[in-house]
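Only one structure is covered here, and it is reproduced in the block below.
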Amino acid sequence: MIDVLIRSRVVRWIALLLLCAAYLQGGFNKLVDFNGAVAEMQHFNLSPAAPLAAAVILVELVGSALVLTGFYRWLGAAVLAGFTLFATFTANRFWEIPQPERFMVENSFFEHWGLIGGFVLVAWYDLRERLSRSARTW
């Protein structure tokens with residue numbers, strides 16, 4: 001049974017979908033409410049807000065699409081890992097926040113490191129798999 005689950009493309013795709021879920025939801029919400037996305041950029045003192053909001057939408061949706069389709073999966077995963085690293089240090093600066101608000105922001109900061117690690121693993125595995133396939137063709 002475990003062997004079937006490990007080899008299942010459906011299980012792998014669902015796991016990748018779960019990893020990308022926050023980025024898909026965030027990208028679609030920002031796309032539907034672009035003014036809210038611009039306000040979010042302004043909240044974090046990011047400027048110019050509108051082009052950055054558009055870039056975030058693009059990164060979240062295209063990065064997720066690359067991961068889910070397998071087309072340059074390693075690139076999509078690497079971009080989402082880098083984006084998450086930047087966003088974590090921008091939005092979750094827990095060291096600047098007094099208690100009790102600090103607790104939730106600090107948790108979010110370290111939870112995002114888990115996402116970064118997940119995307120690094122996806123990129124690493126995809127590149128390793130591609131290199132292995134190309135070595136067999138030689």
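No lab work stands behind these numbers, since they all come straight from the coordinates. Nothing here was measured: the structure is a model prediction, and the numbers come from that model. When we count neighbours, we look across all protein chains shown, and the Cβ atoms used for this are built from the backbone with ideal geometry, even at glycine.
With neighbour counts taken as other beta-carbon atoms within 10 Å, the residues Phe119, Phe109 rank, fewest first, as Phe109, Phe119. Taken one residue at a time, the phi angles of the range 14-25 give Karplus couplings (6.51, -1.76, 1.60, θ = phi - 60°) of 5, 4, 5, 4, 5, 5, 8, 3, 5, 6, 5, 5 Hz. Gly and Pro are set to x. Scalar couplings 3J(HN,Hα) for the range 31-48, obtained by applying the Karplus form with A = 6.51, B = -1.76, C = 1.60 to θ = phi - 60°, are 5, 6, 10, 4, 4, x, 5, 5, 4, 5, 4, 5, 4, 8, 6, 9, 9, x Hz; x denotes Gly and Pro.
Helix 49-69 and the long axis of the chain differ in direction by around 20°, with both axes built from C-alpha atoms. Loop-located trypsin sites (Lys or Arg not before Pro) in the range 29-117 (DSSP state not H, G, I, E or B) with no more than 14 neighbouring Cβ atoms inside 10 Å: Arg93. When each of Leu131, Leu75 is scored by the number of other beta-carbon atoms lying within 10 Å, the sequence from fewest to most is Leu131, Leu75. Computed from the alpha carbon atoms alone, the convex hull of the range 2-129 holds 116 Å³ per residue. Taking 0.36 nm per residue of sequence separation and removing the Cα-Cα distance, the Phe34/Ile116 pair yields an extension gain of 27.0 nm. When only Cα pairs below 8 angstrom with a gap of at least 6 residues are kept, the chain shows a relative contact order of 20 percent. Applying both filters, DSSP loop and at most 10 other Cβ atoms within 10 Å, to the chymotrypsin sites (Phe, Trp or Tyr not before Pro) of the range 5-95 gives Phe71. Computed about the Cα centre, the dipole magnitude for the range 2-129 is approximately 360 debye when only Lys and Arg (+1) and Asp and Glu (-1) carry charge, each at its Cβ. A Förster radius of 30 Å combined with the Cβ-Cβ distance from Arg136 to Ala91 puts the calculated FRET efficiency at roughly 0.10. Along the range 100-106 the Karplus relation, 6.51 cos²θ - 1.76 cosθ + 1.60 evaluated at θ = phi - 60°, assigns HN-Hα couplings of x, 4, 4, 4, 5, 5, 5 Hz to successive residues, with x for each Gly and Pro.
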